[in-house]
Amino acid sequence: MFGYAILLILFMSMAAYFVGRVSAAPFAAAGGSHSRPIYHGAFAAIWVGVPAFILVLAWVALQGPLIDRLLVLSLPAEMRSVSAAQLSLYLAEIKNVAAGMIFAEPTPAIREAAVTYERWEWLARWAMLAAVAAITVVALFLTRSRLAPRFRARNSFEQVVTWIMIFCSVVAVLTTLGIVASLVFEAARFFARVPVTEFLFGLNWEPQIAIRADQVAGAGAFGAVPVFTGTLLIATIAMFVATPIGILTAIYLVEYADDRVRVVVKPLLEILAGIPTVVYGFFAVLVVAPAVREAGSLFGIAISPNSALAAGGVMGIMIIPFISSLSDDALKAVPRSMRDGSLAMGATVSETMTRVMLPAALPGIMGGILLGVSRAIGETMIVVMAAGLIATLTINPLDGVTTVTVQIVTLLIGDSEFDSPKTLAAFALGLVLFIVTLCLNVLALSIVRKYRERYD
Amino acid sequence: MADAALPSSIDWSNDRTVARRRRRHAAERRLRYYGLAAIMTAVGLLALLLTSLIYNGYQAFVQTMITLDVTISEKYVARDNPREGNYRLVIRDSLRSLFPEVTGPADERALAQILSSNAPYIVQGRVLDDPSMIGRTVPITIPASDPFDQLNKGAVRRASPESERRVTDKQIGWFDRLDAEGRVAKPFNWGLFFNADSRLPEMAGLAGAITGSFYALLVCFLISFPVGVAAAVYLEEFAPKNRWTDIIEVNINNLAAVPSVVFGLLGLAVFLQFFGLPRSAPIVGGMVLSLVTLPTIIITTRAALKAVPPSIREAALGIGASRHEMVTHHVLPLALPGILTGTIIGLAHALGETAPLLLIGMNAFITQPAGGIFEASTALPTQVYIWADSPERGFVSRTSAAILVLLMFLITMNAIAIYLRQRLERTW
């Protein structure tokens, strides 16, 4: 029905465009009209299309929750006076019955509600189409009545377009607000059950708690320190792999490589950067982790199958092109006069690089490394596939550790209740992740910017 | 006289200076070799990654198929109700006619294990397509089950002890007889592209994942392209330079570096919980991906708009165009190649994005391709994740093959972007 509504809006807008254009044609022919006929058409089309489009979006967004609300109110009183979780189960059952998926024999009240639900759904869908038709027709008549030779159709049209563009550029801000609001809101619900101090300083992380009373599971512990140390351990390993390789690659490409090498190596690095992280994750599981284990057994060391070393090492490979391209930019931004001056004084290329270029480019490179760290902390798929699930408090890279992102994904994957501390914990971890990466990014960007201003 | 001013007293050939020069040159060479080694490492790792994928994955592009002469007897399949027929017995009889010496339920079961356990449904599908088969004997090609597929591809070593493989010596003997009769073939595995997901490796395909990814990318494009271009045009061409637009700019730059899993949390909390949109549906996936790609598209579009020289704008304004006309008639068409390139690259990133899709449930087990953007589906990268988690041997090569398919799509998209950039972009 959503698709039909959009089609209807498109059709009515096009109709409005032609109506506007045709009715404005005589103005132009008579001379002295303000706007060309196409602007009269565009004015009509945009005023017919945009309000109806907003109506449809609002309708689709609100229809579900509204019908749910009405449905709950229509249930018998004794069914309504239960917990929110039970109520949502009822709703799910009603919808399943309405869709014809009957697993167990439903109670008469549910059956009745299913019929009501189906009727309301049907009503809502047709009402939306009717409302769209009505609003477009009314808008068409209203806009048509405003068209006149001296009417500033172009200005009005451009004004609406400007407002649409302003809205679009605010979407980014709305996204950030949405992220912050949802994370803070859910995390607050989590911290209402688990104290903040326990979460931030507790040493025990066992989130797999019982959802039903009869399940056998741990009592639940939400001390996130082992998760944080695991994240830092893997990120550190990744940076130990990525930083030297990335910076040396950049040095070679900037100072030593001729164009033939550059033409080959740059696209290869871009390929390395463009490979989806799930592919790196599979590579870690398939090749790197077994290889690390083999190497360990050669020396008689027992290495966990999901060791931090394998996950961190592969994550390092992923970050190499990132570090190398940012270091490349930083080195290229060093004024040529400094390099030439050093070479003219008789320094070798490597002396120029280590004594002049690298110190000058250091802020930019540091910024790149910080962005790399932020990447490593936020990277998800590699660690979900290659790192462990159990939070151990260790700095031994041969052990299995878990990370913030792994915990977020494992806590939320599959169907789960939205009220248990287990799922809410994921949002608390998400909040920490968001704040930490945001701080790193802001710091890195400000370092890079300050440095750039100095040399430009 | 001038000679005296030169520091000719320095002796460049004594041992100390020679040693120092040598040391400095050695340091020079060292840095050069370190750089070369770093590049070699990076390129070598890329090569290792691609080779291991191709080595593991190429086998999945062919599939062992076994052709049987199947008699669709009326004893098992009624003419008026072919859907309800007992196709298991149809298969059993056709195997019996090939191997009359195999008797006893245990052996018969072992024999049937050579075929995919989906075989009865395949025969059923063929009969439903063409009911005139009932009562006749027709050759039907059926995929071999995963262990025999691996055996035929050489992944299972015959020399290894019987207890270490999933196929018994007896079964290998039967399989070799089928092979000798020319009933075993290894054609291109079209099922990989046209089948949906399955628990059986030999039946599992990417059709559901490809349609899911297509729908999600479509939604992503329909949202992020217009919104991103409109936002970029506003910020670059219309916005006054004040604190408000500064906030928007900083915001976009920061959003570009937010981990994608956080966008998944946003999708889960807002789109699924608050607005009640369907779980696992490509529309939600596409909306989340559009938020992920939006900053990229805005940033590249702004770069493309910046590259259009101001003289074009001044000329348009000078002959009486309004600012909107100047943008739509002159600046945007000139910036379009750059904008499209950025959009395609952004979409390619979205195609490989996995973590946010996991959080909104696009990793469900779904056995038919989605019929629309509101139906549950998987996507290519989440399919890779699901298969990578499956224990069967056959799924290792399927996963590699799925990754190769994903990389093929990515390479195609990037190639289009590069082509557009080289063909259409003008330098001023």
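Only the coordinates and a few stated rules stand behind these numbers; no lab work does. Model, not experiment: these values are computed from the prediction. With ideal geometry, Cβ positions are generated from the backbone for all residues, glycine too; neighbour counts draw on all protein chains shown.
Considering helices alone, the calculated mean residue ellipticity of chain B at 222 nm is -19000 deg cm²/dmol, with DSSP H runs of length four and up weighted by -39500 (n - 2.57) and normalised per residue.
For A:Glu270 and A:Leu393 in one chain, what is 0.36 nm times their gap in residues minus the Cα-Cα distance, to one decimal in nm? Let's see the in-between values first.
Working: separation 123, 0.36 × 123 = 44.28 nm, distance 3.63 nm.
My answer for the length gained is 40.7 nm.
Using a Gaussian network model of chain B with C-alpha springs under 10 Å, which one of B:Arg279, B:Arg126, B:Arg88 is most mobile by mean-square fluctuation? So, out of B:Arg279, B:Arg126, B:Arg88, the one fluctuating most is B:Arg126. What share of Cα pairs, in percent, lie more than 38 angstrom apart in the protein assembly as shown? Taking all Cα-Cα pairs of the protein assembly as shown, the fraction more than 38 Å apart is 56 percent.
Taking 2.2 N^0.38 Å as the expected size of a compact globular protein, what ratio does the Cα radius of gyration of the stretch A:222-376 give against it, to two decimals? Could you put the intermediate results ahead of the total?
On the way: Rg = 18.5 Å, N = 155, 2.2 N^0.38 = 15.0 Å.
After normalising by residue count via 2.2 N^0.38 Å, the value is 1.24.
Note on B:355-364: average number of Cβ atoms from other chains within 10 Å of each residue's Cβ is 4. Summary value for chain A: 16 percent relative contact order, contacts being C-alpha pairs under 8 angstrom separated by 6+ residues. Taking other C-beta atoms within 10 angstrom as a stand-in for reagent exposure, A:Met128, A:Met315, A:Met79, A:Met165 fall in the order A:Met79, A:Met128, A:Met165, A:Met315, fewest first.
Distance between the C-alpha centres of the stretch A:125-158 and the stretch B:373-428: 44 Å, rounded to the whole angstrom. Residue pairs exceeding 29 angstrom between C-alpha atoms, taken from A:Lys266/A:Lys450; B:Lys75/B:Lys186; A:Lys332/B:Lys306; A:Lys266/B:Lys241; A:Lys266/B:Lys186: B:Lys75/B:Lys186; A:Lys266/B:Lys241; A:Lys266/B:Lys186.
At 222 nm, what value in deg cm²/dmol follows for chain A if DSSP H runs of at least 4 each add -39500 (n - 2.57) and the sum is divided by all its residues, to the nearest 500? Each step should come with its number before you reach the end.
Values: 18 runs with 341 residues, N = 456.
For chain A, the value works out to -25500 deg cm²/dmol.
Among B:349-355, A:351-357, the peptide with the highest mean count of other Cβ atoms within 10 Å heads the list, and the full ranking is B:349-355, A:351-357.
At R0 = 41 Å, how high is the FRET efficiency between A:Leu70 and B:Arg83 if r is their beta carbon distance? Nearest 0.05 is fine. Before the final figure, lay out the partial values.
On the way: r = 41 Å, r/R0 = 1.00.
Efficiency, rounded to the nearest 0.05: 0.50.
Each part reduced to its alpha carbon centroid, the stretch A:339-399 and the stretch B:158-234 end up 39 Å apart. Among B:Leu206, B:Leu289, B:Leu265, the residue with the largest mean-square fluctuation in a Gaussian network model of chain B, with springs joining Cα atoms closer than 10 Å, is B:Leu265. Loop-located chymotrypsin sites (Phe, Trp or Tyr not before Pro) in the stretch B:227-323 (DSSP state other than H, G, I, E, B) with a sparse environment of at most 16 neighbouring Cβ atoms within 10 Å: B:Phe275. Of the GluC sites (Glu not before Pro) in the stretch B:22-86, the ones in a loop by DSSP (not H, G, I, E or B) with at most 13 other beta carbons within 10 Å are B:Glu74.
What is the fewest-to-most order of A:Glu270, A:Glu379 by other Cβ atoms lying within 10 Å of their Cβ?
On the way: A:Glu270 12, A:Glu379 28.
If I rank by nearby Cβ atoms, fewest first, I get A:Glu270, A:Glu379.
Say R0 is 60 Å: what FRET efficiency, to the nearest 0.05, do A:Leu7 and A:Gln86 get from their beta-carbon distance? E(calc), rounded to 0.05, equals 0.90. Counting only other chain Cβ atoms within 10 Å of each residue's Cβ, the peptide A:244-256 averages 5. What the phi angles of the stretch B:91-98 give under the Karplus curve with 6.51, -1.76 and 1.60, with θ = phi - 60°, is a coupling list of 5, 4, 5, 5, 5, 4, 5, 7 Hz, glycine and proline written as x.
How well do other chains shield peptide A:347-353, expressed as the mean number of their Cβ atoms within 10 Å of each residue Cβ? Write down the numbers at each step before the final one.
Values: counts 1, 7, 3, 11, 4, 0, 3.
So the per-residue partner count for this stretch is 4.
Between the Cα long axis of helix B:15-57 and the first principal axis of chain B there is an angle of about 30°, rounded to the nearest 10. Within the stretch B:341-428, the ratio Rg/Rh, alpha carbon atoms throughout and Rh by Kirkwood, equals 1.09. Only aspartates and glutamates eight or more places from A:Lys422 in sequence, or on another chain, were considered; those with a Cα closer than 15 Å are A:Glu186, A:Glu198, A:Glu206. Just checking the listed ones, B:Ser117, B:Ser94, B:Ser160: in the Gaussian network model of chain B with Cα springs under 10 Å, the one fluctuating most is B:Ser160. Extent of chain A along its three principal axes (Cα atoms, max minus min coordinate, largest first): 81, 77, 38 Å. Fully extending the segment from B:Glu28 to B:Ser322 would add 99.9 nm, taking 0.36 nm per residue of separation and subtracting the current Cα-Cα distance.
Among the helices of chain A, those built from whole DSSP H runs whose Cα atoms reach 30 Å or more along their own axis and whose mean Kyte-Doolittle hydropathy is at least 1.0 are A:2-30, A:37-74, A:153-193, A:225-251, A:308-332, A:421-455.
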